[in-house]
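This report refers to the structure that appears directly beneath it.
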Amino acid sequence: MMPTIPGQPQPSGYGLKGLFDELTAQGVSQRDVLRSAGVRTLTGTLSQAQRLAILRAAKEHATHRLTALEAGQRQRVHHFGVYGFALATSPTFYDAFMFGRQHLELAGAVLQISFHTDNRVGILRSENPATLGNLLPFAAEFWRSSMTTLLSEVLGKPFPSVLMRFPYPAPAYAETYRSRLHCPIEFDSPNMEWHFDASILREPCASASTITATICKEFCESMIEKAGGSSPLRRDLRAFILGNTGRRTTAEDAAGAVGLAKRTLFRRLKSEGISFQALLDQTRASLAREYLESTALGTAEIGDRCGYGDEANFRKAFQRWHGMSASQWRLTRAQME
C-alpha cells in the first residue's frame, strides 16, 4: 500500500536515501559524504554536478565493494520523492515507464537513456557511458540496482529483466550482479544496455491512482521547467567535464567520450549556438558558484575542483565570467540572504 503524500509534495529524493542508509550501516555519515561532495543540503533539486559529486564521494567513503549494489536494494518509492509517487500511482506501467524515462534526471540518472523494442524485448541503452570515467561501475551498479528495486515496487512484483550489459570488465564479485539484478549479465560489452520483457508495459501499476499521479506529475514538470533544460549532447559533454575536473579537459578527449570526431563535435555545437570553450566555461562557472554558495572551501581548492591546477588562472577566469572576484561574489550572495 502506498504511503500518503504529507501536505505539499516534496522535491525528488533522487533515491539517495538508500545510498546513505547503506553507508550509515558501514559507519559512514551522510554529513561526511556531503561535505566531501561540496553539497550543503539535499533540500530542493540537485544539479548534475552535485549528483556526480555525491556518487564520487560515496565511492571514496565506502568501506565495502558491494556498496552500490546493496544500496540499490534498500530503495523504496518514497526515497524518490514526488517522482517516485508519480510512477507508482500511474494507471499502467506503460504510463509510469514513459513518464519516468522522460524525467530520468529526477531518478538520479547521470547519463542519457534511449529506448526501443526488438521482438517483444524492451531495450534501454545508456548513451556515452565513457563520460563517467572510473566512476562508471559504481554509478551503474547503484542506478541499475535502484531501478530494479523501484520498478518492482511500482509493479507490485519482480521487474522482468532478461539481460543487462556493461561496458567494463567483470569485477571479482560479478556473481553478485546476477543475484541482485535478477538476470543474466554480460561484461566487456560494446554497449551499456538493459533488456526486459516488453509485455510488462501493458500491466497496471500496483498503487494506481489517476488523481494522485496527475498532481505528482504536474509538480515534477514544474521542477524541470524551473531547472531549465539542454540538449542531450550538451548534457553528455557536461557529464564528461564534471567527471574529469581533476585534469585538463580537451575538446579531443570530450569528442572521443561522446563518440564524435572533434570537427563533428564543433559543428554540432555550432548548430546549437554554442562553442566547446563556452560550454566548458559555463560548466566550470556553474560548478564554481555551487562551491562558493554551498561550501566554505577556499578559492584555491574550488579552483582545483573546477579543473584549474593554478589558482591564479581560476581567479582570472572567474573575473571574466562574473566581472568580480570569487570572494566578492561569495560576499555579495551572503549579503542577499
Report task. Among the residues of region 30-74, write down those that are in contact with a helix residue (DSSP H, G or I) (Cβ under 6 Å, 6 or more places away or on another chain), crowded, with 21+ Cβ neighbours inside 10 Å and in a loop (DSSP other than H, G, I, E, B). Result -> Gly38, Val39
**Report entry** Inter-residue pairs, beta-carbon under 6 Å, first in a helix (DSSP H, G or I) and in region 253-276, second among the acidic types (Asp, Glu), 6+ apart
**Finding:** Lys262/Glu252
Requested in this report: Look through region 287-310, keep the residues that are touching a Ser or Thr at 6+ places or on another chain (Cβ under 9 Å) and of a type in the set (S, T, N, Q), and return whichever of them is surrounded by the most Cβ atoms within 10 Å (Cβ to Cβ).
Outcome: Thr299
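Yes/no matrix, rows are residues, columns are (1) farther than 27 Å from Asn128 by Cα; (2) over 24 Å from the mean Cα position of the chain (by Cα); (3) touching a residue at least 40 places away in the same chain (Cβ under 8 Å); (4) not assigned by TED's automatic domain parsing to the domain that holds Leu69:
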site: Met164; (1), (2), (3), (4): no, no, no, no
site: Asn191; (1), (2), (3), (4): no, no, yes, no
site: Trp194; (1), (2), (3), (4): no, no, yes, no
site: Ala213; (1), (2), (3), (4): yes, no, yes, no
site: Cys216; (1), (2), (3), (4): yes, no, yes, no
Report task. Out of Arg263, Arg247, report the one residue that is charged (D, E, K, R) and either at pLDDT below 80 or touching a Phe, Trp or Tyr at 6+ places or on another chain (Cβ under 7 Å) (or both). Result -> Arg247
Query raised in the report: Is there a residue in region 117-127 that is in contact with a Phe, Trp or Tyr (Cβ under 9 Å, 6 or more places away or on another chain), surrounded by fewer than 18 Cβ atoms within 10 Å (Cβ to Cβ) and without any contact (Cβ under 8 Å) to a residue 60 or more places away in the chain?
Result: no
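Can you tell me which residue among Ala25, Ala58 is within 16 Å of the chain's Cα centre (by Cα), outside the structural domain of Ile302 (by TED's automatic domain parsing) and at pLDDT 95 or above?
Working: Ala25 fails: within 16 Å of the chain's Cα centre (by Cα).
The conditions single out Ala58.
The values are calculated or read from the model by the stated rules, or taken from the named source; none is laboratory data. Source: prediction; values computed, not measured. Don't worry about glycine lacking a Cβ; one is built from the backbone with ideal geometry, like all the others, and counts go over all protein chains shown.
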